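Colleague: Mind looking over this structure? Questions follow.
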Amino acid sequence: MSFFANIYNKKVEIFIMSNIYPLKPKSVLIIGLGQLGLPVAKYVKSKGFDVYGYDIREGAMIVANQIHGIKLSNSFKNFDIYIVCISTHDRDNIHLPQVDDLLSIVKKISYEASDGALISIESTIPAGTCRKIFDLLEHRIHLVHAPHRWYSLDEEKHGVNQLRVIGGVNSCCLKIGLNFYCGENNFSYVEKSPNLNSLTFVDESNKSNLESVQYTIDETKSKNSMNSLGIKMHPVSSIELAELTKIIENSHRYLQIAFAEELYLYCQANNIPFSELRDALNTKWNVDILEPRDGIDGHCLPKDTKMFIASSQKIKSKILQSAMEIDSAYREYRELRSKKVVNPITNIS
């Protein structure tokens, strides 16, 4: 196939996808009803969409339905939008990344979803995953990645509707994703814009798009827009950037905790009161030393840090690998201290 024929086919593909997608989408399926998916389902429902939920765990389905009024569906047919919120850790080890379950869900969507539907991956995923997913979908379904940001202890400030990042596999997908999250009239789709604050995109996956594309977000309209979630979004020029943002955010948090752990070990070795030192340091406006607790645990930080380290074959983050060693040393120290071993700090190399 010639270069120009390929360009023509790509233009036709994007044109067809854009026109198949419903202008006012209504039906949404939330896939995964756990710690992330359930708040998403509740929020989307509150915005007036016809919301259904699916989870492999029967208990999660029952809670979503009986307590929160989320309708249930085992079928993936006849939905305008699919929001994927499943875990991406190994079932036997929450500290290890694994996307097999995600890919299985995508295959089911591919078999059952209508052409031109929109899939938003909110799960945390390794860089490069969305391109594989788009190939599984045979390029007939729109795909964006809008990694979640959500803090259970302060949902009002850091809930589903906080500022988010979004990327699309091409400019067509990104436009439709922004339409769903931000609102139909909350951004402009133009080739040139005098607004220097607008973002310029070059569609790397589709070389036929030789013109730059700009999206200008109108934040004043986002909160109460109909047929959208009314969420302010920060669009990025490629879906790989969106994938990286989440794993780097959590890697940065991992570093912050690991430094606090190392500082704590330093204080123990040199007979320095950690709490007093921490309070003194944190009086400076740009210093925020955290308080180490039981070590870096949970579903996100260890797993996502491993995702980031593995994201490049050319350079591996030495500082993050060292941070993992520090966390192991800190855990060992706490375990020895709990057993009342004399001078446990001397056992830490």
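Nothing in this text is a laboratory measurement; each read-out follows from the coordinates by a stated rule. Worth saying up front: this structure is predicted, and the values here are computed from it rather than measured. Please note: Cβ atoms are built from the backbone with ideal geometry, for glycine as well, and neighbour counts cover all protein chains shown.
Colleague: With a ≥ b ≥ c taken as the square roots of the eigenvalues of the C-alpha gyration tensor of segment 244-347, please select rounded if a/c is under 1.5 and otherwise prolate if a/b is larger than b/c or oblate if it is not? Intermediate results must be reported in sequence, preceding the final value.
Modeller: Values: a/c = 2.33, a/b = 1.44, b/c = 1.62.
Judged from the Cα gyration tensor, segment 244-347 comes out oblate (a/c at least 1.5, b/c at or above a/b).
Colleague: By count of other Cβ within 10 Å, fewest leading, how are Leu244, Leu336 ordered? Mind showing how you got there, number by number?
Modeller: Working: Leu244 22, Leu336 17.
The fewest-first ordering by Cβ neighbours comes to Leu336, Leu244.
Colleague: What order, most packed first, do the peptides 133-143, 279-289 have when packing is the mean number of other Cβ atoms within 10 Å of each residue?
Modeller: Values: 133-143: 19.5, 279-289: 10.2.
In descending order of packing, they fall as 133-143, 279-289.
Colleague: Just to be sure I understand the model, the point goes 7 Å from the Cα along the line to the Cβ. What's the resulting Asp288 to Leu163 distance in nm?
Modeller: Those two pseudo-labels are separated by 1.3 nm.
Colleague: Considering only C-alpha atoms, what is the centroid distance from segment 227-282 to segment 85-109, in Å?
Modeller: Result: 24 Å between the Cα centres.
Colleague: Provide Ile62, Ile247 in ascending order of the number of other Cβ atoms located within 10 Å of each residue's Cβ, fewest first. Write out the running numbers ahead of the final one.
Modeller: Details: Ile62 13, Ile247 25.
Sorted ascending by nearby Cβ count, the order is Ile62, Ile247.
Colleague: For the residues Cys267, Cys300, Cys173, Cys85, what sequence is obtained by ranking on other C-beta atoms within 10 Å, fewest first? Walk me through the numbers before you get to the answer.
Modeller: Working: Cys267 17, Cys300 21, Cys173 30, Cys85 24.
Going from sparsest to densest Cβ surroundings: Cys267, Cys300, Cys85, Cys173.
Colleague: If a/c stays under 1.5 just call it rounded; otherwise compare a/b with b/c (prolate if a/b is bigger, oblate if not). Do that for segment 57-153, with a ≥ b ≥ c from the square roots of the Cα gyration tensor eigenvalues. Numbers along the way, then the final one.
Modeller: Details: a/c = 1.67, a/b = 1.10, b/c = 1.52.
It is oblate, given that a/c is not under 1.5 and a/b is not larger than b/c.
Colleague: How much net charge surrounds Ser311 when only the other residues with a Cβ under 15 Å from the Cβ of Ser311 are counted, with Lys and Arg +1 and Asp and Glu -1? Let's see the in-between values first.
Modeller: Numbers: positive: Arg131, Lys132, Lys246, Lys303, Lys306, Lys314, Lys316, Lys318; negative: Glu240, Glu243, Glu249, Asp304.
Once all neighbours under 15 Å are counted, the net charge is +4.
Colleague: Work out the charge dipole of segment 244-347 with +1 on the Cβ of Lys and Arg and -1 on the Cβ of Asp and Glu about the Cα centre, then indicate which of His299, Leu277, Ala260 is farthest towards its positive end.
Modeller: His299
Colleague: Further question on the same structure: For segment 19-171, what relative contact order do you get, as a whole percent, if you take Cα pairs closer than 8 Å and at least 6 residues apart?
Modeller: Values: 259 pairs, mean separation 31.4, N = 153.
It comes to 21 percent, rounded to a whole number.
Colleague: Between their Cα atoms, which of Lys26/Lys157; Lys157/Lys284; Lys45/Lys71; Lys107/Lys303 are more than 18 Å away from each other?
Modeller: Numbers: Lys26/Lys157 27 Å; Lys157/Lys284 25 Å; Lys45/Lys71 10 Å; Lys107/Lys303 24 Å.
The answer is Lys26/Lys157; Lys157/Lys284; Lys107/Lys303.
Colleague: Right, here's the next one. Note down the relative contact order for segment 83-124 as a percent, whole number, built from C-alpha pairs under 8 angstrom at least six residues apart. Write down the numbers at each step before the final one.
Modeller: Numbers: 31 pairs, mean separation 24.5, N = 42.
So the answer I get is 58 percent.
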